[in-house]
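Remarks on the structure that follows.
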Amino acid sequence: MKVLALAVALLSASTSFAQDTTVEKFRPPPSGRPMPQPQQPNNPPRHNPGQNYPPQNPTGTLVVVGREELAQRLARLEKLLEDIEDRADRDTRAKVRKAQDVLDGVARHVEEAPLLATVMPRPPPPPPEPMVRPMSDSSFQRWYDAISRETFTDDKLRVLSMGLQDNYLLVSQVLRLMERMQFSDDKINVLRIVKPRILDTENNYLLFNAFTFSADKKRAQDILSAR
């Protein structure tokens with residue numbers, strides 16, 4: 001009877017260990033840190049390719065446990081059952097063999113269980129950022145003609161600001177806009193308005209050609225270099 005009680009206790013300890021391991025392994029990570037991913041074993045688990053993971057209608061709660069550590073504990077438990085069988089009577093040996101069959105089934109289930117990466121697919125990648133393109137030639141020409149039709153500088157700058165909404169420019173287009181202005185101060189105002197919308201900033205040095213005097217070029221440089 002003592003031998004039988006020991007076998008029952010060992011089986012109960014196996015169930016308790018699986019529960020304890022589940023609690024320990026499924027403890028949530030600290031706030032602000034990603035969940036650690038399981039390591040890829042040298043020999044991937046064998047499972048039926050036609051079987052879906054997780055099961056479509058699971059009979060219990062799915063948990064995550066450490067495969068290697070649990071397999072070692074099961075192997076030690078099987079060794080203990082073998083020692084009991086060697087010293088037990090006939091009836092007890094029959095019960096120990098049944099316990100070993102159950103234990104072998106648990107061991108196979110652990111070995112064939114899929115990796116967490118196959119059960120929980122990776123989240124989809126974030127959508128790509130929208131492409132920013134300069135104003136098309138046709139749209140720019142219509143905008144340019146509307147600015148040219150205005151007589152006064154303030155009206156020209158007003159049309160320029162309105163047409164710039166949600167649009168981006170190339171340096172060559174900015175030069176054409178600045179050419180519509182007669183005085184350096186007006187050209188500086190154009191540059192100040194369109195500067196945040198210039199795409200090819202590596203060509204900003206070409207904008208200095210719109211000015212004659214060094215003082216005006218210095219003012220343009222201050223605008224272009226400002227953040």
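Structure data summary
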| read-out | value |
| --- | --- |
| Unmet criterion (only one of (1) within 37 Å of the chain's Cα centre (by Cα); (2) under 17 Å from Ala146 (Cα atoms); (3) part of a loop (DSSP other than H, G, I, E, B)) for Asp166 | (2) |
| Residue within the stretch 111-126 that is charged (D, E, K, R), more than 37 Å from the chain's Cα centre (by Cα) and open to solvent by 100 Å² or more (accessible area, probe 1.4 Å) present | no |
| Residue match in the stretch 118-128 (condition: at pLDDT below 95 and part of a helix (DSSP H, G or I)) | yes |
| Unique match (being without any contact (Cβ under 8 Å) to a residue 24 or more places away in the chain and at positive phi) among Asp137, Asp145, Asp101, Asp166 | Asp166 |
| In the stretch 72-95, the residues that are exposed (fewer than 15 other Cβ atoms within 10 Å of the Cβ) and within 13 Å of Ala113 (Cβ to Cβ) | none |
| Check on Val190, open to solvent by less than 10 Å² (accessible area, probe 1.4 Å), under 18 Å from Ser136 (Cα atoms) and in a helix (DSSP H, G or I) | no |
| Some residue of the stretch 172-179 being open to solvent by 100 Å² or more (accessible area, probe 1.4 Å), assigned to a helix (DSSP H, G or I) and in contact (Cβ under 8 Å) with a residue 12 or more places away in the chain | yes |
| Residue in the stretch 132-140 that is in contact with a helix residue (DSSP H, G or I) (Cβ under 7 Å, 6 or more places away or on another chain), among the hydrophobic types (A, V, I, L, M, F, W, C), in a helix (DSSP H, G or I) and closer than 30 Å to Leu170 by Cα present | yes |
| Members of the stretch 164-185 found to be of a type in the set (Asp, Glu) and modelled with pLDDT under 95, listed by number | Asp166, Glu179 |
| Residue check for Lys195: at pLDDT 95 or above and either at positive phi or open to solvent by 50 Å² or more (accessible area, probe 1.4 Å) (or both) | yes |
| Which numbered condition Arg158 fails, given (1) open to solvent by less than 90 Å² (accessible area, probe 1.4 Å); (2) assigned to a helix (DSSP H, G or I) | (1) |
| Every pair of residues 6+ apart whose Cβ atoms lie under 8 Å, when the first sits in the stretch 69-97 and is in contact (Cβ under 8 Å) with a residue 24 or more places away in the chain while the second is not in a helix (DSSP H, G or I) | Val96/Ala88 |
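The values are calculated or read from the model by the stated rules, or taken from the named source; none is laboratory data. Keep in mind that what you see is a predicted model, and the values were worked out from it rather than measured. With ideal geometry, Cβ positions are generated from the backbone for all residues, glycine too; neighbour counts draw on all protein chains shown. SASA here: full protein model, heavy atoms, side chains in, ligands and nucleic acids out. Shrake-Rupley method; radii C 1.70, N 1.55, O 1.52, S 1.80 Å.
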